[in-house]
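As structure tokens, the structure follows; a few thoughts come after it.
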Amino acid sequence: MIDAAEARSLHGLLRARAAATPDNVAYLERQGGVWRESTWASILSEVDRWRGALRRLGLTVGDHVALRCESRVHWVFFEQAALSLGCVVVPLYVSDRPENVAWIVNHAEARVLLLEDGAMWDDLRPHAASMPRLEAVLVAEDSDPGAGARSTRSWLADTDAHDAGDPHAADPDELATIVYTSGTTGCPKGVMLSHRNILDNCELGMRRLPLRRDDVLLSFLPMCHALERTCGYYAPMMAGATVAFARSVPDLPEDLREVRPTVLITVPRIFERVHGKIRARLADGPAWRERLFHRAVDVGWSRFLRVQGRGSWRPAHVWGPLLDRLVGKPMRARLGGRIEGALCGGAALRFDVARVIIALGIEVSHAYGLTECSPGVTMNGREDNRPETVGQPLTGSEIRIADDGELCVRSTSVMLGYWRDPEATARVIDADGWLHTGDLARIDDGFVTITGRKKEIIVLATGTKVPPDDLEASIMRDPLFEQILIVGEGRPFLAALVFIEPDAWERQTRGHGLPASPASGDETSEAFILQRISRHLSGFTGHARVRRVTAVPTPWTVESGLLTPTLKPKRERIAEFYVDEIERMYASCAVNDS
């Protein structure tokens, strides 16, 4: 492994890797129906060529550049070339709305912008006036991107590696990147991370959950996502592992079967979908298949606990290999058949989902982090994996719980601050260097459990405080629900907005004589949905009761502005969008109660 001290900078990491294993496969990318390989030496050579082209644009140390691209090798070329000049890289989400992209490009003071294709430029061009500092727009996948932009093909045509000059020898504490957080409220904030921030975090994460040189990862999260960038991009570079770039989420099943990765870096939604599909197949199949599945999960989980030293041998364990062959192996085959482990972060992973996936032979390590920490804070390791928690602090990271229950972190991975926002920086990093995460947590035997968001507490009109995250997570265990948002700030009781997939509604309501659509507004449909919600809230205190619900006809999306690019609901935006529906829920109850 190339450690942080040897690398010194993010570009230094690439150069050290290319020197150590020049002929090993660095990346796989599907082109023309085949997976094409790039070695570390060839990647570095192309990065040098891109550096020469960027240098000709007049870029120098401290300049800012932005990129809005799919996870592809040209993302690597542009980012590493810019870093090698001492530039600051600003990654942007492909899924973000054009007006948000323009705002970030302007706020970040980017001089050059790389886009995936001409269609992106067509969408962004109407906002060009709001990006006055932008001097050049490059397009990666289009030979004729239109007025105001240039294709990388023509831009690179007369450049080769010897035009590049020597790379900038960055100090570890130099600003390397500004990552804009996709906050659920307000404008995004630019998180400033140094080379040391990311490299230290990457190394400490690798020591908790090591990668091998012969590991293969399938990259399907956006590269601008802090989890993917640190753990799915820089960590494989440290280890010398191979990364295959998935074509798209819809193509993910086929890519998994073809690439056959050994490690996944993922978010909970992926495993929740796997879990949901398993449950749907079981519901439509014979009863014996469901009994066999649950038996395999029970035995697999018990064997896992025994290996972890938290359980004893049971006679049922002798059936483990047979049950694995009948249930676990077919499930793993749909994911390529070679996955040994997965790192899951970015949001809370439901324990019931983690239990099933682990029991069927894929060891999921649940982790916690935030962009402001580069991003890792805690992580479960393979030897002591407690998936009901987010693991223990990474070595060298200090954590504490404040008097109000907030989790605070201090480490070399904590950000330099927010770009052009010293007031916001001072609000989250105190005089002693503690970052106040905004997350509520508890620590048991050194393991951290996240219990909610400090700012996302609903205060009812009675003064009662309710953490909506906990309630929503519990309700989402029900396969009926695809999305849910609980409301009630300043109101006498809780209500909910839900989106239910038509297929799930048809499957779950079969034989109940309900309308074909959950969003029909029919009283019997609402009563059915409320009954399902109530099942999952029985363990909460009495005030945590949802009294009204509205099923919305369409899901919340990034494009509609109701989800962040990391697929988290924007509570205020959703409440504003459905203000009439929310008012009707409370008005009807006011009439009924009078």
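Just so you know, all these numbers are worked out from the coordinates, no wet-lab data involved. This structure is a prediction, so every number in the text was calculated from the model and none was measured. FYI the Cβ positions are ideal-geometry reconstructions off the backbone, even for glycines, and counts take in every protein chain you see.
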Full-extension gain in nm, PHE540 to ASP171, via 0.36 nm per residue minus C-alpha separation: 127.7 nm
Charge dipole magnitude, Cβ of K and R +1, D and E -1 - the chain, Cα centre, debye nearest 20: 1940 debye
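Only bridges whose two residues both fall in the chain count here: according to DSSP, what percent of them are antiparallel, nearest 5? Provide the component values of the computation, followed by the final result.
Values: 40 of 77 bridges.
Taking every DSSP beta bridge with both residues in the chain, the antiparallel ones total about 50 percent.
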Among THR60, LEU44, ILE270 - extreme Cα towards positive end, dipole of the chain, charges at beta-carbon: ILE270
Within-12-Å neighbourhood charge of VAL579 [Cβ basis; K, R +1; D, E -1]: -3
Label-point separation in nm, LEU156 to SER312, each point 7 Å along Cα→Cβ: 6.3 nm
Order of MET476, MET237 - criterion: other Cβ atoms within 10 Å of each residue's Cβ, fewest first: MET476, MET237
Ranked list, fewest to most other Cβ atoms within 10 Å of each Cβ, for ASP384, ASP96: ASP384, ASP96
Simple spin-label estimate for ALA431 and LYS465 in nanometres, 7 Å along Cα-Cβ: 2.5 nm
Sequence-distant residues sharing a close amide H with GLU501 (under 5 Å, placed H): GLU482
Gained length - ALA41 relative to ALA333, 0.36 nm times residue gap less alpha-carbon distance: 101.8 nm
Among beta bridges that DSSP assigns inside the stretch 88-236, antiparallel share in %, nearest 5: 40 percent
Kirkwood hydrodynamic radius (C-alpha pairs) into Stokes-Einstein, the stretch 458-593, 10 °C and 1.306 mPa s, D in µm²/s: 103 µm²/s
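Could you work out the relative contact order of the chain, using alpha carbon pairs under 8 angstrom and six or more residues apart, expressed as a whole percent?
For the chain, the relative contact order is 11 percent.
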Order by protection proxy (mean Cβ within 10 Å, highest first), peptides 130-140, 101-111, 540-550: 101-111, 130-140, 540-550
Candidate lysines - alpha carbon under 19 Å from LYS570, same-chain residues fewer than 8 apart omitted: LYS189, LYS454, LYS455
Distance in nm between pseudo-label sites at ARG477 and ALA280 (7 Å out along the Cβ direction from Cα): 2.2 nm
Neighbour-count order for ILE198, ILE429, fewest beta carbons within 10 angstrom listed first: ILE429, ILE198
Ordering of 436-442, 221-227 by packing [mean C-beta count within 10 Å, highest first]: 221-227, 436-442
Only Lys, Arg (+1) and Asp, Glu (-1) charged, at Cβ; the stretch 458-593 dipole about Cα centre in debye: 400 debye
Added length on full extension, which subtracts the Cα-Cα distance from 0.36 nm per residue, PHE351 to SER588: 81.7 nm
Note, ³J(HN,Hα) from phi for the stretch 568-581, Karplus 6.51, -1.76, 1.60, rounded to Hz, x at Gly and Pro: 8, x, 8, 4, 5, 5, 5, 4, 5, 5, 9, 4, 5, 5
Peptides 506-513, 412-419 ordered by average Cβ neighbours within 10 Å, highest first: 412-419, 506-513
